[in-house]
Each structure stands twice: as C-alpha cells, then as structure tokens.
Amino acid sequence: MGEIQFIANYDEWIAVKKLKIDEKVDPRTIIEFIASLGFSFDRKIEENLRKTVQLERLEKAISEELSEIGKGSKGISEALAKINSVKISRIIKEISKKPELQKKEIKELEEFCRVFALRKALAAAGLKVNYSEIETPSIKAALKKAKKLAK
C-alpha cells in the first residue's frame, strides 16, 4: 500500500494530483496517473525553457528543416539527420550560451534544447515520443484543461 502525491503551486501552475494505491488499484491506473503527470511536466519544462532561451529561433529552424519530411522510417531517418545538422547544432549552441552560466550549466541547457528538437523531429515524422501522448481518460482531461488555460 502507498500513495503518489504531486502538488504544484508555481507561476500559474496549480496542480494537486493524488493516487492512493492499495491491492485494488491495477497497474494500468498507475500508468495513466503517472503519464498525466508527465504531460504537466513536459509542458512546464518547455514553458521554462522558452523563458530561458530563444526557443522561437530553434523552432523556426526546426520547422524549416522538417518542412518536407515524410512519415514512416524514411521520414524518421530524414528528421534525425536534419535535427543533427550543423545548422541546428549551431543555433542550439548560440541560444544556450548565457554569460551568467557556467560551462556545465550551458551544456545542460544545450541538452534540453536537443531533446526539444528531437521531440519535434520525431513528432514531425509521425511518432509519439511521450507516454503522455497516449489518450487515456486522465490525459484527455489534462489536455482539455490545458486548452482552456491557453485561451
């Protein structure tokens, strides 16, 4: 027996999610609960990354690079090649370079940007890259709430 609790009260992010776990709770319920947390985490990571670097610049470059890729295995390999291009790498380095950060912190920021780019690339190729993209009842509720907040 146990429980999972998540409480956030930060920058317009107010979330309280709790799940009591006993012998009656099946693993699928736990999977859905944790995936719904992942949706919130992914969204907040991107929001805060956007506050830290010029993510629009990276998004624009990714969009240009991926504008003509296809779906399936060919699209995936094209997307990965384009995301690992010199152009994308240069932009990631440029937007991550902050004078107030130490070398290790800049590398960390670059890695967040690379993951962002990779997620965009794989999504453009038609892949689901996060558990939170699976439409479970709790994910649908979180998506609906996120759309309301975005308006």
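The values are calculated or read from the model by the stated rules, or taken from the named source; none is laboratory data. What you see is a predicted model; the values in this text were computed from it and never measured. Using ideal geometry, Cβ is built from the backbone for each residue, glycine included, and neighbour counts are taken over all protein chains shown.
Summed over region 60-74, residues that are modelled with pLDDT of 85 or more and β-branched (Val, Ile, Thr) total 1.
LEU122 meets all of the listed conditions (1) within 23 Å of SER67 (Cβ to Cβ); (2) part of a helix (DSSP H, G or I); (3) at pLDDT below 85; (4) not small (Gly, Ala, Ser) but one, namely (3). Out of ALA79, ALA15, one residue alone is touching a strand residue (DSSP E or B) at 6+ places or on another chain (Cβ under 7 Å), closer than 23 Å to ILE134 by Cα and touching a residue at least 12 places away in the same chain (Cβ under 8 Å). It is ALA15.
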